[in-house]
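To keep things clear, I will list the structure first and then write my remarks on it.
The values are calculated or read from the model by the stated rules, or taken from the named source; none is laboratory data. Just so it is clear, the model here is predicted, and its values are computed rather than measured. Cβ sites come from the backbone with ideal geometry, for glycine too, and all protein chains shown count toward neighbours.
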Amino acid sequence: MSALRQALADYLTVRRSLGFKLHDSERLLNQFVAFLEERAQEHVTIEAAVAWATLPIQGHRRWLNARLTIVRRFAIHLRGIDSSTEVPPSDLLPGQKLRATPYLYSGEEIAALMQLSATLLGSYRQATYRTLIGLLTVTGMRIGEAIALDQSDLDIGSGVLTIRVGKFGKSRVLPLHPSTLAALGEYLCRSDRPPVQTNALLVSTMGKRLHYNCVHNTFKKLVQRAGIAPRSAACRPRLHDLRHGFAVNTILDGYRDNGDPSGRLALLSTYLGHTDPAHTYWYLSAAPELLKLVGDRLERHLGGAK
C-alpha cells in the first residue's frame, strides 16, 4: 500500500469515528489517489487536484466544486503529516451549493413502490425491499440508519426501535405503530429467510447486511417501473425523499387536527435525529400543501383579530 493510500485509509477512519459516513468521499478519493499514482505523484498538489476535479467533460460547476471540496478536506488532513501537500484554495472552481428539491411521494406512489417489489428476483428479496420502503416511510429514518439496524435493536414487546448508529454517532429510540411491529415480526419469521452471516435486521439474499449502493440502485429500478418521473431538473424522486415525506406528513397531520404544529415540530426534530431544528424546517420548506395550511390558519387568525 502506498503512503497516499495508507493516509487515505487513516483519514476515512478518523472522520468516520466522528460520525461521518463518507460513502461518496471514499469512492471519489480512491479515484483521486489512483489519478495521482498514474501520474507518479507522491504528494497532493493544487494543479493535480484541479486537473482531477475537472475531468468530467461538461461537468456542472457545482459537481466540479464538490469534487474539489472533497479533495481539499483530504489535503487539509494530509498537510498535518506531509508539509509538501498543497491545499487548494476555497475560491477555486466556485460553485453555488443548492439542495435538491424534495420529491414528496403520494400515498399511491408509495403503495406502487411496495407492490412493485414483487417484480424483484427472489421472494425474500421482494420481502426485504417491501419492508425497507415501508419502514423508511413510517419512521423517516435515514437509509444508512436502516441498513445499520441489528435484530437486537427491535424490541417488539416494548414496541420500540433503537437507532444506535445515527448521524454524528447519536442514538435515539423510536416508538413504532403496532402495524409496523407486526410487519417487522412477520419479516423476521419468514420461512425463506436465508442463513444469516450477520446480526442485521434487514439482510440480502446472501444472508449479509444490505449494501448502500445496491439499495439505491434497486430503489431507482422500482421508481422507473412505477413510472414516477422527475417533477423538474432539481426535483427527482430519491430514496432519501421518503424521509422528507414523513416530516411533512407529521406536521400536516398537526394542522389538519387543529393541534399545535410548533410543539409537534420539536418532537419531530428529535424523532428525526436532527441536532438543530433548522434542519427540520428545511424538510418542510418545499411542501405546497403544508404552506397552504399555514396560510389558511394565518388568514383565520388575522380575520379573527379584526
Given the conditions (1) modelled with pLDDT of 95 or more; (2) under 23 Å from the mean Cα position of the chain (by Cα); (3) of a type in the set (Phe, Trp, Tyr), every one holds for Tyr11 apart from (1)
Which members of segment 189-247 meet the condition of being out of contact with any strand residue (DSSP E or B) (no Cβ under 8 Å at 6 or more places or on another chain) and among the small types (Gly, Ala, Ser)?
-> Ser191, Ser204, Gly207, Ala226, Gly227, Ala229, Ser232, Ala233, Ala234, Gly245, Ala247
If Met114 satisfies every condition in (1) touching a residue at least 24 places away in the same chain (Cβ under 8 Å); (2) in the same structural domain as Asn217 (by TED's automatic domain parsing); (3) within 30 Å of Ala233 (Cβ to Cβ); (4) aliphatic (A, V, I, L, M) but one, which is the exception?
-> (1)
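Quick grid of which residues meet (1) part of a helix (DSSP H, G or I); (2) farther than 20 Å from Ile133 by Cβ; (3) at pLDDT 90 or above:
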residue	(1), (2), (3)
Thr205	no, no, yes
Asn213	yes, no, yes
Lys221	yes, no, yes
Gln224	yes, no, yes
Pro237	no, no, yes
His244	yes, no, no
Asn249	yes, no, no
Gly254	yes, yes, no
Members of segment 36-54 found to be part of a loop (DSSP other than H, G, I, E, B) and touching a residue at least 12 places away in the same chain (Cβ under 8 Å), listed by number = Glu42, His43, Val44, Thr45, Thr54
Of those in segment 74-124 that are part of a loop (DSSP other than H, G, I, E, B) and of a type in the set (Phe, Trp, Tyr), the residue surrounded by the fewest Cβ atoms within 10 Å (Cβ to Cβ) is Tyr105
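Assess whether Gly59 counts as being out of contact with any strand residue (DSSP E or B) (no Cβ under 8 Å at 6 or more places or on another chain), at pLDDT below 90 and assigned by TED's automatic domain parsing to the domain that holds Ala34.
On the way: out of contact with any strand residue (DSSP E or B) (no Cβ under 8 Å at 6 or more places or on another chain): yes; at pLDDT below 90: yes; assigned by TED's automatic domain parsing to the domain that holds Ala34: yes.
Spelling it out, Gly59 is indeed out of contact with any strand residue (DSSP E or B) (no Cβ under 8 Å at 6 or more places or on another chain), at pLDDT below 90 and assigned by TED's automatic domain parsing to the domain that holds Ala34.
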Within segment 183-208, count every residue that is hydrophobic (A, V, I, L, M, F, W, C) and either surrounded by fewer than 16 Cβ atoms within 10 Å (Cβ to Cβ) or not assigned by TED's automatic domain parsing to the domain that holds Gly159 (or both).
-> 4
